[in-house]
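These notes are about the structure you will find just below.
Values in this text are rule-based calculations from the coordinates and carry no lab data. Just so you know, these numbers come straight off a predicted model, no measurement behind them. Quick reminder, even Gly has a Cβ in these numbers, built from the backbone with ideal geometry, and neighbours come from all protein chains shown.
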């Protein structure tokens, strides 16, 4: 029973274009959502988050959109850079401090 | 600078052996977590602790145990290693119990059970 799903295992985009990573969730009790980025042989690092009271949060080139009615969130990276190539994990929390992670999407940004 | 470290970084062991993975953080965080990462499953929570002497089971706790005797350390023990426990293990910590508190991850331990 996967409560947080990232249905695209991989995504390839050209440098300078937009990368859109998607995430779906099933538990309506989730009220905080996060994106983590992971490079090979390293631990995940926090990238950006959004509370359920908002529908958009922006931080530089990274924007997260939340559609509560569809139980869907997305991460937009504009413009994409080769250094953005990594695995991106979506995660959700229901005020317990415990995170439920998606399966991850591997992003490759081609020069 | 504060950090979270894991040791060893790589471990090969045999089925049936007891294995302990170390996690040490200098953030002075109350909360600590252990996850395993497997292809197709993302990161799954094994055990977590909200403070000294507190431990709780996560989503995939069978075959694992933890103990919290101080703030800095949360060792993960595999009582009798199984091939299904071959995985990459990540430790994390966070300051508070709220869902908005950022979790900081260690570099991971790659465990192979033969």
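Overview of results
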{"quantity": "Length gained when the stretch residue B:53-residue B:114 is fully extended (0.36 nm per residue, less Cα-Cα span)", "calculated": "18.7 nm"}
{"quantity": "Relative packing of peptides A:61-70, B:43-52 - highest average C-beta neighbours within 10 Å first", "calculated": "B:43-52, A:61-70"}
{"quantity": "Cβ neighbours within 10 Å from other chains - mean over B:103-114", "calculated": "3"}
{"quantity": "Sequence of B:105, A:89 once ranked by neighbouring C-beta atoms within 10 Å, starting from the fewest", "calculated": "B:105, A:89"}
{"quantity": "For chain A, built as a Gaussian network whose Cα springs stay under 10 Å, the top-fluctuating residue of A:34, A:99, A:73", "calculated": "A:99"}
{"quantity": "10 Å Cβ neighbours from other chains, averaged over peptide B:33-45", "calculated": "5"}
{"quantity": "Least to most buried among A:15, B:3 (fewest other Cβ within 10 Å first)", "calculated": "B:3, A:15"}
{"quantity": "Residue list for region A:35-58, given a label point 7 angstrom along the Cα-to-Cβ vector of residue A:10 and an amide N cut-off under 16 Å", "calculated": "A:40"}
{"quantity": "Antiparallel content of DSSP bridges confined to the protein assembly as shown, in %, to 5", "calculated": "90 percent"}
{"quantity": "Peptide A:99-106, shielding by other chains (average Cβ, 10 Å cutoff)", "calculated": "5"}
